[in-house]
Amino acid sequence: MDGMGQVLIEKSSGLGVITLSRPAKLNALSPSMRAAFGDGLAAMARDDDIKIVLLRGEGSDFCVGADLLDAPETALAWRERIQVAQAHHLAMIRMNKPTIAAVQGRALGGGASLALAADLLVMADDASLVFPFVRLGLVPDGGVSMLLQAKAGAAIALDVLLNGGSLTAEEARRIGLTRRVVPSSQLDAASRALAASLLTLPWEALMLTKALCAQHWAAGFEHVLAHESEAFALATTTAGHRNAIQAMRGALKRKD
């Protein structure tokens, strides 16, 4: 396993694994960690020996999104950071290799967006997808407004996103976001077993099938991302966001 700071890369027998490894901070994504993740993802895409990509998080939680203690101070800086996350999720969708996200604990905010950008989702039975954006005076980012609508339907997406709500693993299975919910102790084995199963199939067929499906559900994704980054930047200038982020930072500092 190769290390890139707080992002670990593993390659073995056709499987590429990217592990978010900042468990003490619940895998909150700092700018340097985001950059390392993007580098790892690009390397996986270029490597012809890798046929399947698995995303996982070390520790109790998959990923709690951006590191809010290192949040940008201006709307333009926020826009740039959001665009980095968007580029990663778009790269996952465009990648000709199936991607799997193995989620335990919380996939919160940008972490939920990251999980839903994967082609296949495996969840521990204690896992949840959390969408707190409006509670922070923000709009959903990482393309999740489209990802959730495309994969679960507009009514569910609106209900969850407008309420700043969450989905348990069982709810995610019931609405069709995943077919695979396993005991938390079996998450790593189950996600690797899924990858191993896919590796027994003709890779060209997997690649073409992924591309065919994306023709339907991912059509217009880039347009959505462009609008999203502008809306997000605008939201960061509001009083509602400033008040919410100050309260959040205060709570996080008290926990440290």
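Remarks
- With Cα atoms, 0 to 90° folded angle of helix 31-46 axis to the chain main axis: 20
- Per the Kirkwood formula applied to alpha carbons, segment 3-96 shows a radius of gyration over Rh ratio, Rg over Rh, of 0.98.
- The chain - percent relative contact order, Cα under 8 Å, separation 6 or more: 19
- Taking 0.36 nm per residue of separation and subtracting the Cα-Cα distance, full extension of the segment from Ala189 to Ser60 would add 44.8 nm.
- Computed extension length for Ala91-Arg242: 51.2 nm, one decimal, from 0.36 nm per residue of separation with the Cα-Cα distance subtracted.
- Non-local lysine pairs in the chain, meaning eight or more places apart or on different chains, with alpha-carbon distances under 18 Å, amount to 8.
- Derived scalar couplings between HN and Hα for segment 117-133 equal 6, 6, 6, 10, 10, 10, 10, 5, 5, 9, 7, 8, 9, 10, 10, x, 3 Hz in order, rounded to whole Hz, by the Karplus curve 6.51 cos²θ - 1.76 cosθ + 1.60 (θ = phi - 60°), x for Gly and Pro.
- Extension reserve of the Ala35-Asp125 stretch, reckoned as 0.36 nm per residue once the Cα distance is removed: 29.4 nm
- Cα-centred dipole magnitude for segment 105-256, charges only on beta-carbon of K, R (+1) and D, E (-1), debye, nearest 20: 440
- Backbone N atoms of segment 84-114 closer than 16 Å to the 7 Å Cα→Cβ label point of Glu222 belong to residues 84, 86-96.
- Two-decimal log10 I(q)/I(0) for the chain, as the Debye equation yields it once each C-alpha is a single scatterer, q = 0.08 Å⁻¹: -0.28
- About its Cα centre, the chain has a charge dipole of approximately 340 debye under the convention of +1 per Lys or Arg Cβ and -1 per Asp or Glu Cβ, with nothing else charged.
- Charge dipole of the chain about the Cα centre (unit charges at C-beta), most positive-ward option of Phe232, Ala211, Ser128: Ser128
- Angle between the chain longest axis and helix 75-94 axis [Cα atoms, degrees, rounded to 10]: 20
- Segment 1-133, relative contact order [Cα under 8 Å, separation at least 6], %: 23
- Other residues whose C-beta falls under 12 angstrom from the C-beta of Arg173 contribute a net charge of 0, scoring Lys and Arg +1 and Asp and Glu -1.
- Phi to ³J(HN,Hα) by Karplus 6.51 cos²θ - 1.76 cosθ + 1.60 over segment 103-114, Hz, x for Gly, Pro: 10, 10, x, 9, 10, 10, x, x, x, 5, 4, 4
- For segment 142-202, a crude dipole built from +1 on the beta carbon of Lys and Arg and -1 on the beta carbon of Asp and Glu, taken about the Cα centre, is about 200 debye to the nearest 20.
- Cα shape, segment 17-154, gyration tensor, a/c 1.5 rule: rounded
- Extending 7 Å from Cα along the Cβ direction at Leu158 and again at Ala24 yields two label points whose distance is 4.5 nm.
- Folded to 0 to 90 degrees: helix 221-235 orientation relative to the chain principal axis, Cα: 20
Bear in mind these aren't lab numbers, they're just calculated from the coordinates by the rules spelled out. These numbers were taken from a predicted model, which means no experiment stands behind them. Here the Cβ is made from the backbone with ideal geometry for all residues, glycine too, and neighbour counts use every protein chain on show.
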